[in-house]
């Protein structure tokens with residue numbers, strides 16, 4: 001908080017390539033696709049029962065987690081561009097990658113054993 | 001850790017896990033980090049499209065395919081989704097590591113595999129449409 005008081009975080013940046021916006025929108029598109037996948041999984045409930053609920057709950061939780069982090073990520077990007085340094089988004093990459101891998105795994109399990 | 005250039009020091013908030021995963025070197029140009037992030041997201045969306053396709057084939061094509069064929073198509077799409085998402089993560093990490101030490105970027109191994117797989121599946125579907133309609 002003290003750092004924020006010294007140097008107020010502004011969302012402005014002077015990158016003509018609009019990289020922070022493009023990255024933020026890429027995350028949003030990905031989250032929307034995740035939501036679409038969730039809704040298609042709903043169609044499985046009559047056939048496979050409650051196992052189809054597991055990926056939906058999981059994907060929604062991951063989506064909410066990433067969505068919460070996105071604003072902070074955008075601020076970091078805008079700030080990092082000014083300082084010529086942005087930390088690698090390791091946590092976000094691992095959460096999203098693991099979610100899609102687990103979703104596919106649950107799908108494979110349901111098709112093979114369902 | 002290499003001695004970083006002034007103004008490009010490694011970020012202080014990196015914990016031990018990310019330090020060991022990202023390897024030596026210093027933070028690359030932030031535009032490159034963001035570009036790598038967007039490329040990862042594009043691959044993840046590709047994986048999600050395969051995933052959605054696999055789920056949809058299993059759920060909606062009961063009247064079109066025989067149960068065995070339906071299961072095979074759904075399963076191959078789901079395996080492809082898993083493969084693409086895993087390789088997206090690995091590639092993101094590899095590119096990030098290469099950029100930190102300013103080495104050439106690794107080649108995308110998945111691109112030829114995906115093109116070949118896509119062509120094979122399309123050919124299979126053409127055969128199915130020709131002989132299935134007879």
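The values are calculated or read from the model by the stated rules, or taken from the named source; none is laboratory data. Just so we're clear, the structure is a prediction, and the values are computed from it rather than from any experiment. We place every Cβ from the backbone using ideal geometry, glycine too, and count neighbours over all the protein chains shown.
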Practice task
Within the stretch A:34-50, track down each residue that is touching a helix residue (DSSP H, G or I) at 6+ places or on another chain (Cβ under 6 Å) and surrounded by fewer than 16 Cβ atoms within 10 Å (Cβ to Cβ).
Solution key: A:43, A:45
Exercise for the section: Answer yes if at least one residue in the stretch B:74-82 is in contact (Cβ under 8 Å) with a residue 40 or more places away in the chain, under 24 Å from residue A:91 (Cα atoms) and out of contact with any strand residue (DSSP E or B) (no Cβ under 8 Å at 6 or more places or on another chain), and no otherwise. Expected result: no
Exercise for the section: Might you let me know whether the stretch B:38-49 holds any residue that is within 15 Å of the chain's Cα centre (by Cα), free of Cβ contacts under 8 Å to residues at least 12 places away in the same chain and over 27 Å from residue A:41 (Cα atoms)? Expected result: no
Fill in the blank from the handout: Going through the stretch A:74-91 in order, the residues found to be more than 8 Å from chain B (Cβ to nearest Cβ) and crowded, with 18+ Cβ neighbours inside 10 Å are A:76, A:78, A:79
Fill in the blank from the handout: Over the stretch B:50-78, the set of residues surrounded by fewer than 17 Cβ atoms within 10 Å (Cβ to Cβ) and within 7 Å of chain A (Cβ to nearest Cβ) is B:56, B:71
Practice task
For residue B:98, work out the one condition from (1) free of Cβ contacts under 8 Å to residues at least 12 places away in the same chain; (2) within 10 Å of chain A (Cβ to nearest Cβ); (3) over 18 Å from residue A:30 (Cβ atoms) it doesn't fulfil.
Solution key: (2)
Exercise for the section: Check B:70, B:31, B:38 and return the single one that is closer than 23 Å to residue A:19 by Cα, at pLDDT below 90 and not in a loop (DSSP other than H, G, I, E, B). Expected result: B:31
